[in-house]
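Heads up: the structure comes next, in structure tokens.
The values are calculated or read from the model by the stated rules, or taken from the named source; none is laboratory data. Just so it is clear, the model here is predicted, and its values are computed rather than measured. For neighbour counting, all protein chains shown are included, and Cβ atoms are generated from backbone atoms with ideal geometry for every residue, glycine included.
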Amino acid sequence: MILLNATGIMLVVVAPVIVLTLASAWWYRASNKRATFRPELVYSGSIELVVWSIPAMVVMLLAGVAWIGAHDLDPAAKLNSDVAPVRIEVVSLDWKWLFIYPDLRVATVNQLVVPVGAPIAFTLTSASVMNAFFVPQLGTQIYTMPGMSTHLNLLAAHPGDYPGLSSHFSGDGFSDMHFVVHAVPASDFDSWRAQVRRGTAVLSTSAYLELTRPSKNLAPQAYADVDPTLYKYILRQAAPMAAASSEAK
């Protein structure tokens, strides 16, 4: 929308300039005896005012459109909704996606289940190299970087399966770094959570360290329990390794 608005504003200037250029060339042709030749004219305040004021106004208008649009489309901007948001922590690994639901104490790999109509508040980082999280049918992409958190708010308005992918090259397994967002009714989301909680797999420190090993085409999986502070450990990089050393002792 910003690009379309900017193009429309610029055409307001560009189109008349093209027309006036062609009209001037036609009017001041050698065969037109009615055209007035004024070699003594070296300055006109009125012409200078028009020549400089129009571009200045266009630049100010474009700046305003870009400023307002950029803030309206800010990935970190919270979505207006009466429904409480679902918090999901995203970690890009080699070459898979880890999704942690800290409030629900469950986690998944290479698949997301979200309730329809509820804002999804993503907090994202990378445990490896820089990557990019992208669900084309739901919204913009955002980068994941080691040691840093980025934020993204999305909402699935309709039930369905929305493919997600990595849109930034990150190594050998990049092309298979896909996941699916399953947008389901709230009741189905609660049922899914209950089903996952009945499982036996736990995302412990050792299980997480196993996930950090490079792998390709990893099948989707779910964890019935997860430390809600795991994301903070991953963000600090060294904490999971320290915890693993303590477990080994």
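Go through region 151-209 and give me each residue that's assigned to a loop (DSSP other than H, G, I, E, B) and acidic (D, E). Talk me through it step by step, then tell me what you get.
Step one: of region 151-209, the residues assigned to a loop (DSSP other than H, G, I, E, B) are 156-159, 167-173, 177, 185, 198-201, 204.
Once the filter is applied, which keeps residues that are assigned to a loop (DSSP other than H, G, I, E, B) and acidic (D, E), region 151-209 yields only D172.
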Which numbered condition A66 fails, given (1) part of a strand (DSSP E or B); (2) over 16 Å from the mean Cα position of the chain (by Cα): (1)
Odd one out for A243, checked against (1) surrounded by 14 or more Cβ atoms within 10 Å (Cβ to Cβ); (2) at pLDDT 90 or above; (3) outside any strand (DSSP E or B); (4) out of contact with any His (no Cβ under 9 Å at 6 or more places or on another chain): (2)
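In this structure, is I54 surrounded by fewer than 17 Cβ atoms within 10 Å (Cβ to Cβ) and either part of a strand (DSSP E or B) or not assigned by TED's automatic domain parsing to the domain that holds L203 (or both)?
Working: surrounded by fewer than 17 Cβ atoms within 10 Å (Cβ to Cβ): yes; either part of a strand (DSSP E or B) or not assigned by TED's automatic domain parsing to the domain that holds L203 (or both): yes.
Spelling it out, I54 is indeed surrounded by fewer than 17 Cβ atoms within 10 Å (Cβ to Cβ) and either part of a strand (DSSP E or B) or not assigned by TED's automatic domain parsing to the domain that holds L203 (or both).
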Pair list, Cβ under 9 Å, 6 or more apart: region 70-92 residue assigned to a strand (DSSP E or B), other residue surrounded by fewer than 15 Cβ atoms within 10 Å (Cβ to Cβ) and of a type in the set (D, E, K, R): V86/D103; R87/D103
R198 closer than 27 Å to P85 by Cα and at pLDDT below 95: yes
